[in-house]
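Report on the structure given below.
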Amino acid sequence: MDFEQVLTLRQTTRKYTDQKVSDSDLEKILQAAQTAPLAAGDDQTTHLTLVKDPVLMEEIRNACMLTSRKTGQKIDALYGAQAMIFVSATDLSEDHIEYCNTGCIIENILLEATALGLGSTYIWGCLKKLRKNEEVMKKLCLPQGYEILSAAVVGYPAKPLAPREISRKLSVTEL
């Protein structure tokens, strides 16, 4: 798949099937994460955690459950995905460049998942709830002193990825 095709197919998946992602596809996604540009030396203070164990995924799902502002119903913030990759860091700098690093890592994860025909979702809002759940956090086995900055879920989308038209949605100043 060429890069422009990946860009037109890349979208947030909000419903996944229960099919497991293969270990070989997860390894390709982790390799893509490893190629992300990081600030000098930050590869020593950045950590990835891959969760594919169904029991732990369910515990994370329950810890991250959100309530709809519109309906009051519970929402699965992971959308039924079968695998999750956390990006964590330690020794956060004064300028918090680690969040930029995390964005680069997550983008590579999302693009590689798309290239593999998988759905993906950038996970942010529910992580505050997860961080407060000491029992689940302990099961994630983060290295001492590391904190979760963001995450992505990947899996097989319930509806196949469909190309979308790329247009200028962001304002641009050309000088």
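For this structure, a couple of remarks:
- Take the conditions (1) out of contact with any Ser or Thr (no Cβ under 6 Å at 6 or more places or on another chain); (2) surrounded by 12 or more Cβ atoms within 10 Å (Cβ to Cβ); (3) more than 23 Å from VAL6 (Cα to Cα); (4) not β-branched (Val, Ile, Thr); CYS100 misses just one of them, which is (3).
- Looking across region 12-30, the residues that are part of a helix (DSSP H, G or I) and either at positive phi or free of Cβ contacts under 8 Å to residues at least 40 places away in the same chain (or both) come down to ASP23, SER24, GLU27.
- Identity of the residue in region 31-85, surrounded by 16 or more Cβ atoms within 10 Å (Cβ to Cβ) and hydroxyl-bearing (Ser, Thr, Tyr), that ends up farthest from GLY125 (Cα to Cα): THR45
- Taken together, the residues in region 38-60 that are at pLDDT 95 or above, more than 15 Å from the chain's Cα centre (by Cα) and in a loop (DSSP other than H, G, I, E, B) amount to 1.
- Going through (1) of a type in the set (Val, Ile, Thr); (2) crowded, with 17+ Cβ neighbours inside 10 Å; (3) not in a loop (DSSP other than H, G, I, E, B) one by one, THR8 falls short only on (2).
The values are calculated or read from the model by the stated rules, or taken from the named source; none is laboratory data. Everything numeric here is computed off the predicted structure, so don't read it as measured data. All Cβ positions, glycine included, derive from the backbone under ideal geometry; neighbour counts span all protein chains shown.
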